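A quick write-up on the structure given underneath.
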């Protein structure tokens, strides 16, 4: 009896919601990415300005008012700050890339730069002073931009190498001229293998 019952394989609903370049329009995809990036930017900005657990309200037990309560757990707090800053910086990079060459792009750059400076001043304000670990926060802020720049440079170099290989493939090694359709050099007429 147990062998008679074969459960049906369920269809994966993930496939229905995945990006499909044949069906999805580029403008719709850009708009969705802008919404998601803006949501990430808003959430990470707010959590940096108002850290989890809030800030000390008074100086009881030697705490400084206005400093993050979460900062009393130093390592945990710096992991939070690093990852939160990384997420904010990544979302700002996505917003900047997706709005490139839009009207008012300069204003978008000014607004995002101002937001990042405001975020930085807010986390400096709530974090206890004399901390050398802010360099990690700055690394988290710069990391997405540096990685994107490196990816761009590698792609640019690879494109140049591929173009050069294509050019070299169609040239006679002696005179470096383009070949004719029958694999003969246009200048000297020698056959190119």
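Which is exposed (fewer than 10 other Cβ atoms within 10 Å of the Cβ) and free of Cβ contacts under 8 Å to residues at least 24 places away in the same chain, of 149, 129? None of the other options fit; the residue is 129.
The one condition from (1) in contact (Cβ under 8 Å) with a residue 12 or more places away in the chain; (2) surrounded by 14 or more Cβ atoms within 10 Å (Cβ to Cβ); (3) closer than 19 Å to residue 122 by Cα that residue 52 does not meet is (2).
Residue check: is residue 132 modelled with pLDDT under 90 and not in a helix (DSSP H, G or I)? For residue 132, the condition - modelled with pLDDT under 90 and not in a helix (DSSP H, G or I) - is met.
If you go through the range 64-77 and keep only what is within 27 Å of the chain's Cα centre (by Cα) and surrounded by fewer than 12 Cβ atoms within 10 Å (Cβ to Cβ), you end up with just 75. A single member of 80, 61, 45 is over 30 Å from the mean Cα position of the chain (by Cα) and either at pLDDT below 85 or in a helix (DSSP H, G or I) (or both), and it is 61.
Among residues of the range 66-77 that are at positive phi and in contact (Cβ under 8 Å) with a residue 12 or more places away in the chain, those with a Cβ under 9 angstrom from a residue that is surrounded by 16 or more Cβ atoms within 10 Å (Cβ to Cβ) and part of a helix (DSSP H, G or I), sequence gap 6+ or separate chain, pair up as 66/126.
Yes or no, residue by residue, for (1) out of contact with any strand residue (DSSP E or B) (no Cβ under 9 Å at 6 or more places or on another chain); (2) modelled with pLDDT of 90 or more; (3) more than 15 Å from residue 48 (Cβ to Cβ):
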| residue | (1), (2), (3) |
| --- | --- |
| 87 | yes, yes, no |
| 99 | yes, yes, yes |
| 115 | yes, yes, no |
| 127 | no, no, no |
| 166 | yes, no, yes |
| 174 | no, no, yes |
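The values are calculated or read from the model by the stated rules, or taken from the named source; none is laboratory data. Not measured: the values here are computed from a predicted model. Glycine also receives a Cβ, built like all others from the backbone with ideal geometry; neighbour counts cover every protein chain displayed.
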